[in-house]
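J.: Okay, here's the structure, questions in a sec.
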Amino acid sequence: MGSFLRKFSMSVVESIIDLRRKEKMPLIRSKDRKVANLVNKAGKQPVIANTFGLPSGKAYACPGATSVCETICYAGKLEKVFKGVRDVIVSNYEQLVNANFGEMVLLLDEMISDFVADCEKRNAEKLFRIHWDGDFFNQEYTYAWRNVIFKYPDVQFWVYTRSDFAVPILTGIQNVALYFSADSANKDLAWQLKREYGIKLAYLAKDFATGKKDFNEKQEKSAIPCPENNRKIQLISTNGSACVACSQCVFARNDILFSATKK
């Protein structure tokens, strides 16, 4: 009898484990000092998790990664240093990559719904940065985001992408600021997309002078250097986060330059 009960108990436990494996875990938002929509009174830490990450690299969520961005990817470096961060973004990716379209939409919708509730509770601006790490890994996932973005017109989303297929899917939506991330390895594609869709560019060069030169070869108006990247404003302070204080990218007001050397 005891043997039977032990076997029965193990069978029940295994069934519960299998059931939990099939259940979808919630996506986990991240706090990022540079993009925070609300900071604490000391001006040092974000209050609300207003961004979301996936693991970097072509093997994961960056199909459009270039040789340039793979060499200097700051987010990829954080993954290696902080195991807890890596665990979170890999979990996010696994939930999404193994989901069908409806499940993707549900996962993203639940995440943004929780974000909106946090903002309303604290009377904060509803500003959400898509992908502090990672990118749109396929068209289906991009369309899932499109559905969710339309559902929350009072949220201002912004995102940088190297996935060219995402551009026509997300271009022209009023409450998303979309940038194509460019560098010397994909600049011809970048300007092709700019001509065709009018998308803003976030251009990465070894220094600001090189970035301006590249822009001047393609268009008369140059891009604006990221003021945090060139040390004009603080990453975070009592005035808020750098991205929100500047707001160029948040609302896609201009093309932006980034320097790998901050010079």
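J.: Considering amide H positions built from the backbone, and no H for Pro or chain starts, which residues 5 or more places from Ala260, or on another chain, come under 5 Å of its amide H?
T.: Close amide H contacts, sequence-distant or interchain: Ala205, Lys206, Asp207.
J.: Now a separate question. At q = 0.13, 0.14, 0.24 Å⁻¹, what base-10 log of I(q)/I(0) does the Debye formula yield for the range 39-140 when every alpha carbon is treated as an equal point scatterer in vacuo?
T.: Treating every Cα as an identical point scatterer, log10 I(q)/I(0) equals -0.55, -0.63, -1.31.
J.: Using the heavy atoms of the protein chains alone and a 1.4 angstrom probe, what is the accessible area of the chain per residue in square angstrom?
T.: Working: 13780 Å² over 263 residues.
Here the per-residue accessible area is 52 Å².
J.: While we're looking at this one, here's another question. Protein chains only, probe 1.4 Å: how do Val159, Val81 rank by accessible area, largest first? Present the calculation step by step, with values, prior to reporting the outcome.
T.: Working: Val159 0, Val81 105 Å².
These residues rank, largest area first, as Val81, Val159.
J.: Here is a follow-up. Between Rg and the Kirkwood Rh of the range 142-198, both from Cα atoms, what is the Rg to Rh ratio? Before the final figure, lay out the partial values.
T.: Numbers: Rg = 11.8 Å, Rh = 11.9 Å.
Checking Rg against Rh, the ratio lands at 0.99.
J.: Among the DSSP beta bridges whose two residues both lie in the chain, what percent are antiparallel, rounded to the nearest 5? Mind showing how you got there, number by number?
T.: On the way: 5 of 27 bridges.
Of those bridges, close to 20 percent are antiparallel.
J.: How much of the accessible area of the range 98-247, probe 1.4 Å, is carbon plus sulfur, in whole percent?
T.: Details: 3070 of 6840 Å².
Percent of accessible area from carbon and sulfur atoms in the range 98-247: 45.
J.: Length gain on complete extension for the stretch Cys73 to Arg195, per 0.36 nm per residue less the alpha carbon to alpha carbon distance? Each step should come with its number before you reach the end.
T.: Details: separation 122, 0.36 × 122 = 43.92 nm, distance 2.70 nm.
Going from the current span to full extension adds 41.2 nm.
J.: Whole-Hz Karplus ³J(HN,Hα) for the range 174-179, in order, using 6.51 cos²θ - 1.76 cosθ + 1.60 and θ = phi - 60°, x for Gly and Pro?
T.: 4, 9, 10, 9, 10, 10
J.: Something else: First obtain the Kirkwood hydrodynamic radius of the range 114-227 from its Cα pairs, then insert it into the Stokes-Einstein equation at 20 °C and 1.002 mPa s, and state the resulting D in µm² per second as a whole number. The partial results should precede the final answer.
T.: Details: Rh = 15.4 Å.
The calculation lands on 139 µm²/s.
J.: Which far-off residues, 5 or more places away or on another chain, put their amide H under 5 Å from the one on Ile224, with H placed in the peptide plane?
T.: It is Asp255, Ile256, Leu257, by chain and number.
J.: Take the Cα pairs of the range 212-263, get the Kirkwood Rh, then feed it into Stokes-Einstein at 37 °C and 0.692 mPa s and tell me D in µm²/s. Intermediate values should be presented prior to the final figure.
T.: Values: Rh = 11.8 Å.
Stokes-Einstein gives a translational diffusion coefficient of 277 µm²/s.
J.: Per residue of the chain, what 222 nm ellipticity follows from adding -39500 (n - 2.57) for every DSSP H run with n ≥ 4, rounded to the nearest 500? Intermediate values should be presented prior to the final figure.
T.: Details: 10 runs with 117 residues, N = 263.
So the helix-based figure for the chain works out to -13500 deg cm²/dmol.
J.: Express in % the proportion of alpha carbon pairs of the range 21-92 at distances exceeding 14 Å.
T.: Working: 1701 of 2556 pairs.
The calculated P(r) of the range 21-92 puts 67 percent of pairs beyond 14 Å.
J.: Determine, from the Cβ-Cβ distance of Phe101 and Arg122 and an R0 of 30 Å, the FRET efficiency 1/(1 + (r/R0)^6), rounded to the nearest 0.05.
T.: Computed FRET efficiency for Phe101 and Arg122 comes out at 0.40.
J.: Would you please calculate the Kirkwood hydrodynamic radius of the chain over all C-alpha pairs and express it in Å, rounded to one decimal? Before the final figure, lay out each step's value.
T.: Values: mean 1/r = 0.0507 Å⁻¹.
Roughly 19.7 Å, rounded to one decimal.
The values are calculated or read from the model by the stated rules, or taken from the named source; none is laboratory data. Quick caveat: nothing in here was measured; it's all calculated off a predicted structure. In this analysis, Cβ positions are derived from the backbone assuming ideal geometry, glycine residues included, and neighbour counts consider all displayed protein chains. All accessible areas refer to the heavy atoms of the entire protein, side chains included, with ligands and DNA or RNA removed. Shrake-Rupley method; radii C 1.70, N 1.55, O 1.52, S 1.80 Å.
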